Every structure is written in C-alpha cells, then in structure tokens.
1. Any chance you could count how many residues in the range 172-187 are small (Gly, Ala, Ser), open to solvent by 10 Å² or more (accessible area, probe 1.4 Å) and in contact (Cβ under 8 Å) with a residue 12 or more places away in the chain?
2. Can you tell me which residues in the range 1-25 are open to solvent by 20 Å² or more (accessible area, probe 1.4 Å), within 16 Å of the chain's Cα centre (by Cα) and polar (S, T, N, Q)?
3. Test residue 273 against the stated conditions and say whether it is in a helix (DSSP H, G or I), buried (at least 17 other Cβ atoms within 10 Å of the Cβ) and either among the aliphatic types (A, V, I, L, M) or at positive phi (or both).
4. Just to verify a result, which residue in the range 137-161, among those that are touching a Phe, Trp or Tyr at 6+ places or on another chain (Cβ under 6 Å) and on the phi < 0 side of the Ramachandran plot, is surrounded by the fewest Cβ atoms within 10 Å (Cβ to Cβ)?
5. Can you tell me how many residues in the range 227-269 are among the basic types (Lys, Arg) and either modelled with pLDDT under 95 or within 22 Å of residue 15 (Cα to Cα) (or both)?
6. Quickly run through the range 85-123 and pick out the residues that are free of Cβ contacts under 8 Å to residues at least 40 places away in the same chain and either in a strand (DSSP E or B) or farther than 24 Å from residue 219 by Cα (or both).
7. Could you pull out the residue among 109, 129, 169 that is surrounded by fewer than 24 Cβ atoms within 10 Å (Cβ to Cβ) and touching a helix residue (DSSP H, G or I) at 6+ places or on another chain (Cβ under 7 Å)?
8. Of everything in the range 1-57, what is out of contact with any Gly (no Cβ under 8 Å at 6 or more places or on another chain), under 30 Å from residue 286 (Cα atoms) and among the β-branched types (Val, Ile, Thr)? Give them in sequence order.
Amino acid sequence: MKRVAINPLPWVTGPMGPHVTEQNLREALADLVQTGFRALHTDVPAGMTVSDYRSVLDEFGFTPAPGYFAGDFHIADKQAAIVEQARAHAGTLAALGVDSTFVAGNIDMARFANPAVGENASTERTKRMAETLARVADAGFAEGVRFALHPHIAMIVETEEETRGVLDMTAGSHLGFGPDTGHLLWAGMVPERIISDYADRLVAVHLKDVDPNGFRQTLRYEDDYMTAIGTRHIWTEPGRGMVNFDAVFDALPAGFDGWFVVEVDVPNLPTPLESSRASYEFLASHPYFAGARA
C-alpha cells in the first residue's frame, strides 16, 4: 500500500510566496475533495491551533502528510535557534501523527536569478549545512519525525555535488533523503540514479514533472526562477513531461513505505483542480500505485 498526498501550493501561493490561511486551506480542500487525494501536505496556518487544523482536515475527509522546514543552516550563529525551531516543527507534526518532513536550505538570491547551475557553490558552506542538518535531524528524530534532505532549485542545496556532499557528510545521522523528481532533473541530475544511490536514506518523495518546452525556453533565455515556473510553466503534472517515472519507481527500495507528495507549484493545466485530477489519475493508473492509500 502506498501513501499518497498533495501539496495545495496552487491555492495558497501569492505574490510573496506560499501563505496558508484557514480560508485558502478550505478553498483548496473543497476542490481537492473532488479528486482521489485524501491526504494533504501539512502546513498549519499562523494563529490556528493544531487541533483546529486537524478539525478542518477531518471536515473534508483528509489526513495530514509530511510538511516542510527551511532555514539558514549554513550560518553558524543561527544553528542553536534553528535546531529548536526544527524541534518545534517536529512536535507539531508528531501531534498530528505525521512521521516525516522535507527539509531544505533557504533561497539563495544569486541562484534565484541564475537557477540550476550552482551559483555561489562553496564546499565550506555545504559542510556547514551538513553539520546543522545532522543536528536538526537528530532533534526531529527525538520527537518521532524523520527529516529528509530536499534539494531544491534556487536554494542552498541545489546541485548533485551539494546533494551528495550533504548526504555523505551526514552518514550515520538521522537525516534522510526526500528528493523532488522535478528539481533533480532541472538541476541536471538523473532522478532514478541518485534515488537508487541513496535508497537506504529515502524517507519521502515529491512528485512533479518537467515540461520539455518550458525547460528548453528556460535554458534558451536564461530565465530566473520565477520566470521559469510562472511564465514558462517549467513544472507539469506527473507523467506529462520529461521525468522517467517508470525508472524512478523501479529505483525505489523494495517495500518502500514512505510518502509520495504531488507538488505542482504552478499548474501546467488550466486550473488547480484539473492539474490535481490529472496527477491523481496518473498515480491511480500506474502499476506501482495499485492499492494506493492516503
């Protein structure tokens, strides 16, 4: 049985990025209940209690799925505070019965302007990231939650060298691996290869695809991150783009029981509902997800 969920980013993202409120959470759930999804990426709105959040999910028949935690892990002076913030994040997830979360470095503005090429790469910065992430993961594990490294375009762990560096430097810690198929491909990685190489660290997976036309235009015009995702529509629904999902699923460890979270930040199809339906239909029709559950 597979655990599948969706991130409601198309409903909750505004000009300043994702911002979940009770209103847009309800709007997302009212649409998503019309799809096969019954689990949602966890993001408790500011000012809402964990109990109230769970009540809203229950009202629509949804269960909570892994969340997302980001920080300036490479800044030594922030390490102690970030570890405590991570512990609190894990505590919220644990209270909801969620056992894992994705973790990524914050945005690097130079990479935001020039994505997917490892702008400002630094071995020393990667080392500092690894040191703090190991502590963050150990703190989360003490709360019953696995933190999973999430390489992300325009953020501090972006490239294959950085991804492998952090994972290798944290071997033996509780830090797992939480890849995103779309971000891996855009960064020049072969998703199935790196997933296979770190299969024993795999905790959860974000599923998104890369639109070939959007990808070609992004490279041709050397777009910044927001132009690539908002104008070129580089992201597309799983099964509609360049990612070899058959190979990705074949690369997963036998008996993998972690979460799969669909995340199409800006839908390629006309509406968020159509996008979500297409994503679910792809999963439902794929042999790997036979008997999938929320």
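The values are calculated or read from the model by the stated rules, or taken from the named source; none is laboratory data. These figures come from a predicted structure and were not determined experimentally. Counting neighbours? That spans all protein chains shown, and the Cβs are built from the backbone with ideal geometry, glycine included. Areas reflect the complete protein model, heavy atoms only, side chains present, ligands, DNA and RNA absent. Shrake-Rupley method; radii C 1.70, N 1.55, O 1.52, S 1.80 Å.
1. Here is the first cut: in the range 172-187, the residues small (Gly, Ala, Ser) are 172-173, 176, 178, 182, 187.
Then drop every residue that is not open to solvent by 10 Å² or more (accessible area, probe 1.4 Å), which leaves 172-173, 187.
Checking the rest, the ones that are also in contact (Cβ under 8 Å) with a residue 12 or more places away in the chain come to 173, 187.
Count: 2.
2. The one that is open to solvent by 20 Å² or more (accessible area, probe 1.4 Å), within 16 Å of the chain's Cα centre (by Cα) and polar (S, T, N, Q): 13.
3. Details: in a helix (DSSP H, G or I): yes; buried (at least 17 other Cβ atoms within 10 Å of the Cβ): yes; either among the aliphatic types (A, V, I, L, M) or at positive phi (or both): yes.
Yes; evaluated as a whole, the condition is true for this residue.
4. Initially, the range 137-161 is screened for residues touching a Phe, Trp or Tyr at 6+ places or on another chain (Cβ under 6 Å), giving 137, 140, 148-150, 153-154.
Next, only the ones that are on the phi < 0 side of the Ramachandran plot stay: 137, 140, 148-150, 153.
On the way: 137: 26, 140: 28, 148: 27, 149: 27, 150: 26, 153: 22.
Per the stated criteria, the residue is 153.
5. Number satisfying all stated conditions: 1.
6. Once the filter is applied, which keeps residues that are free of Cβ contacts under 8 Å to residues at least 40 places away in the same chain and either in a strand (DSSP E or B) or farther than 24 Å from residue 219 by Cα (or both), the range 85-123 yields 85, 88, 97.
7. 169 is the lone residue from the list that is surrounded by fewer than 24 Cβ atoms within 10 Å (Cβ to Cβ) and touching a helix residue (DSSP H, G or I) at 6+ places or on another chain (Cβ under 7 Å).
8. Within the range 1-57, 4, 6, 12, 13, 35 qualify.
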